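Taking it in order: structure first as structure tokens, then the write-up.
The values are calculated or read from the model by the stated rules, or taken from the named source; none is laboratory data. The model shown is predicted, which means the values in this text are computed figures rather than measured ones. So basically every Cβ, Gly included, is an ideal-geometry build from the backbone, and we count neighbours across all protein chains shown. Each accessible area value is taken on the protein alone, full model and side chains, heavy atoms only, with ligands, DNA and RNA left out. Shrake-Rupley method; radii C 1.70, N 1.55, O 1.52, S 1.80 Å.
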Amino acid sequence: MKYSVFDTHCDTLCRVLDENKRLCKNDCHIDFERMSKYESYTQVFACFVDPVYKSGATQRTMNLIDAFHRSTEHMPRNVKALLSIEGGEGIYSVSALRNYYRLGVRAAALTWNYSNHIASGALERDESRGLTEFGKSIAEEMNRLGMLIDVSHLNRKSFYDISEITKMPIIATHSCSDAVCSHPRNLTDDQFNVIKSTGGCVGINFYPPFLTDKGKCGIDDIVRHIDHFMSLGGEDNIGIGADFDGVDCLPDGIRGAEDIYKVFDRLSQKGYTDNRIEKISHKNFERIFTNA
């Protein structure tokens, strides 16, 4: 397939670990067989630590990291895999963060929707609560290490706290536009402009409730979010963060990795140049992760 893909978020590792799936071929949204059909395909695999693991979050994080390394030992030559953390319950100290980096973690979302000891999440009711003092020290150490901060699940206060601390590009690995579809997990235009000002990037999420409030959802709804961020001057700041295997439904026409090309085909039909499509499909996030 003519396209290259850089997808910054999937939750497939949880299925690999909990359901004994294999990444080479499976019935999940992603496997190496389907990814290898593209010119190249880079996937960021998230270690999602559900808050239910609070007392065992470190062990859960380590088990997911281990599943990643076991599953990615043998990949097709045109497939690459990177590692992130989603939910910072397992980041109990700065030394733990450093050890995760040594094990290959290159990005981290500091919380998942709700408050923890680091930050406050997008579904937290108390909007006055942002980064904790410990959270600020973690953000500073992530900058020092070169680990990207993922703001997708942060509330507004935590987001702006990060923007005042970080010296690196801010990324939102799987988020959409609040102006197109109002949802607490989506980004306001101002937040997008902040991300853009840092040289960061937003990965468009394929989860229908983030894409539209109309119920029926299709590929054009994904494109509407891309169009909106493009209207804000975001040519260098838009990518893909499909959230495969982390969602309970997908837009019509999207079954998994095998169908991402349809988004790029639709952009081409709308008059997007090959250069702009390449930036969105892989080059924008490729630049950021390479330079981190």
Original post:
at pLDDT below 95, assigned to a loop (DSSP other than H, G, I, E, B) and more than 20 Å from LEU211 (Cβ to Cβ) - does that describe any residue in the range 282-292?
Top reply: yes
**OP:** Evaluate the following for LYS136: is it assigned to a loop (DSSP other than H, G, I, E, B), open to solvent by 10 Å² or more (accessible area, probe 1.4 Å) and out of contact with any Pro (no Cβ under 7 Å at 6 or more places or on another chain)?
**Re:** no
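Every residue, every condition in (1) open to solvent by 10 Å² or more (accessible area, probe 1.4 Å); (2) hydrophobic (A, V, I, L, M, F, W, C), yes or no:
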position	(1), (2)
LEU17	yes, yes
CYS24	yes, yes
CYS28	no, yes
VAL49	no, yes
ARG60	yes, no
SER71	yes, no
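Okay, residues lined up against (1) in a loop (DSSP other than H, G, I, E, B); (2) closer than 20 Å to GLY146 by Cβ; (3) not acidic (Asp, Glu):
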position: MET168; (1), (2), (3): yes, yes, yes
position: THR173; (1), (2), (3): no, yes, yes
position: PRO184; (1), (2), (3): yes, no, yes
position: GLN191; (1), (2), (3): no, no, yes
position: ILE195; (1), (2), (3): no, yes, yes
position: GLY199; (1), (2), (3): yes, yes, yes
position: PHE206; (1), (2), (3): yes, no, yes
position: PHE210; (1), (2), (3): no, no, yes
Original post:
Going by the conditions given, is GLY199 touching a Pro at 6+ places or on another chain (Cβ under 8 Å), surrounded by fewer than 19 Cβ atoms within 10 Å (Cβ to Cβ) and in contact (Cβ under 8 Å) with a residue 60 or more places away in the chain?
Top reply: yes
**OP:** Just give me the residues in the range 213-244 being open to solvent by less than 40 Å² (accessible area, probe 1.4 Å), part of a loop (DSSP other than H, G, I, E, B) and more than 20 Å from HIS29 (Cβ to Cβ), in sequence order.
**Re:** GLY234, ASN237
Subject >> Residues (outside any loop (DSSP other than H, G, I, E, B) and basic (Lys, Arg)) located in the range 61-78 >> reply: ARG70
**OP:** Would you point out the residue of the range 140-164, among those that are within 15 Å of ALA96 (Cα to Cα) and buried (at least 23 other Cβ atoms within 10 Å of the Cβ), that is nearest to the chain's Cα centre (by Cα)?
**Re:** MET147
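Is it fair to say ASP220 is charged (D, E, K, R), more than 15 Å from TYR272 (Cα to Cα), out of contact with any Phe, Trp or Tyr (no Cβ under 8 Å at 6 or more places or on another chain) and modelled with pLDDT of 95 or more?
Taking the combined requirement at face value, the residue does not satisfy it.
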Original post:
Across the range 245-292, what is the total count of residues that are open to solvent by less than 60 Å² (accessible area, probe 1.4 Å) and free of Cβ contacts under 8 Å to residues at least 12 places away in the same chain?
Top reply: 5
